[in-house]
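What follows is a set of notes on a single structure, which appears directly below.
The values are calculated or read from the model by the stated rules, or taken from the named source; none is laboratory data. Given the structure is predicted, the values throughout are model-derived calculations rather than measurements. Because the Cβ atoms are built from the backbone with ideal geometry, glycine has one as well, and the counts that use them run over all protein chains shown.
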Amino acid sequence: MEFITYEQEGFVGIITINRPKALNALNSQVLEELAATFKAVDLETTRCLVLTGAGEKSFVAGADIGEMSTLTKAEGEAFGKKGNDVFRMIETFPIPVIAAINGFALGGGCEISMSCDIRICSDNAVFGQPEVGLGITPGFGGTQRLARLVGEGMAKQMIYTARNIKADEAYRIGLVNAVYTLEELLPAAKKMAAGIAANAPIAVRNCKKAINDGMQVDMDQAIVIEEKLFGDCFETEDQKAGMGNFLEKDKEKKLKVVPFQNK
Ligand code: CAA
């Protein structure tokens, strides 16, 4: 891998997009390496992922403008699909992915963060969909996910005006869950990931699937999806151990992490 690094800390995997000379912009190679990195994650030993960018200035400054500049209509569509396929893989990845946004998250950078389950950022982060200023539409899911996350009116404003927003505004409109200093960001992301990894992994995965799948259908269908995934948990040792610990009324045991299954 030239542009992606992967580190494992306990049950947490940290994926870093590492192309600092182009502010971690996403060219085809970065997208391919990202896909290969996600495919290689060992789901037996990994329960949560953190996605971040190398350096102190940029998370991801967008899709690579140099690469896009000469594309034909068909090539443009294919490039959009390439990004969309990777981002959809992230969105539907069985375990949670936390985006730790350490600077610019523009265009494809904002879009990749929105394919993650949770977004937290540093106070120097800048978000935006500048595509219409370049003569294109957001092409890696921005026209779809931004409206779902912050509402149609705010998404349309951001996309039509191509105006960037700072971390505090991203927090105010619900695009990110929390803002940290740059030094605090990665430790906070790892701490959150470790907290998630300490919970029953099958239950966490089922929660992700229930929320993701349920958001795509009406409430009547959504609650059936929930019921099925809720029911599945009762076949796990985690459910028996977790509830057993509670019923023993032993405070120490109640809080103790049970030897969770990960399949
Ligand atoms: N693609 C390719 N290269 C990029 C890039 C991008 N998206 N963003 C930055 N770079 C490169 C610059 O060309 C520059 O390279 P050189 O040193 O070789 O000239 C290097 O990164 C550093 O960038 P700057 O000198 O511009 O740094 P700056 O601090 O002055 O500005 C910035 C930072 C405001 C982020 C500016 O680089 C910028 O505006 N970048 C483009 C952001 C953008 O428009 N992103 C959306 C792309 S379109 C998209 O993503 C479509 C989609 O939905 C799929």
Residues within the stretch 133-158 that are part of a helix (DSSP H, G or I) and within 10 Å of the ligand (Cβ to nearest atom), tallied: 4
Of those in the stretch 176-234 that are within 26 Å of Gly151 (Cα to Cα), of a type in the set (A, V, I, L, M, F, W, C) and outside any helix (DSSP H, G or I), the residue farthest from the chain's Cα centre (by Cα) is Val217
Filter the stretch 108-126 down to the residues that are within 11 Å of the ligand (Cβ to nearest atom) and not aliphatic (A, V, I, L, M), then identify the one that is surrounded by the most Cβ atoms within 10 Å (Cβ to Cβ). Cys110
Being surrounded by 15 or more Cβ atoms within 10 Å (Cβ to Cβ) and part of a helix (DSSP H, G or I) is the filter here; which residues of the stretch 15-24 pass it? Ala22
Hey, can you tell me all the residues within the stretch 101-121 that are closer than 16 Å to Thr143 by Cα and among the charged types (D, E, K, R)? Glu111
On the given criteria, is Lys191 farther than 30 Å from Glu237 by Cα, away from the ligand (no atom under 15 Å from the Cβ) and of a type outside the set (Phe, Trp, Tyr)? no
Taking the stretch 25-53, which residues are in a loop (DSSP other than H, G, I, E, B) and over 16 Å from the mean Cα position of the chain (by Cα)? Ala25, Asn27, Asp42, Leu43, Glu44, Thr45
Regarding Glu77, is this residue more than 8 Å from the ligand (Cβ to nearest atom), more than 23 Å from Lys190 (Cα to Cα) and outside any loop (DSSP other than H, G, I, E, B)? yes
Which one is farthest from Thr181 (Cα to Cα), of the residues in the stretch 52-71 that are within 11 Å of the ligand (Cβ to nearest atom) and surrounded by 24 or more Cβ atoms within 10 Å (Cβ to Cβ)? Ala63
Looking at the stretch 216-235, I want the residues that are at pLDDT 95 or above and have a partner that is loosely packed, with under 13 Cβ neighbours inside 10 Å and among the charged types (D, E, K, R) with Cβ atoms under 6 Å, at least 6 apart or on another chain. Which pairs are those? none
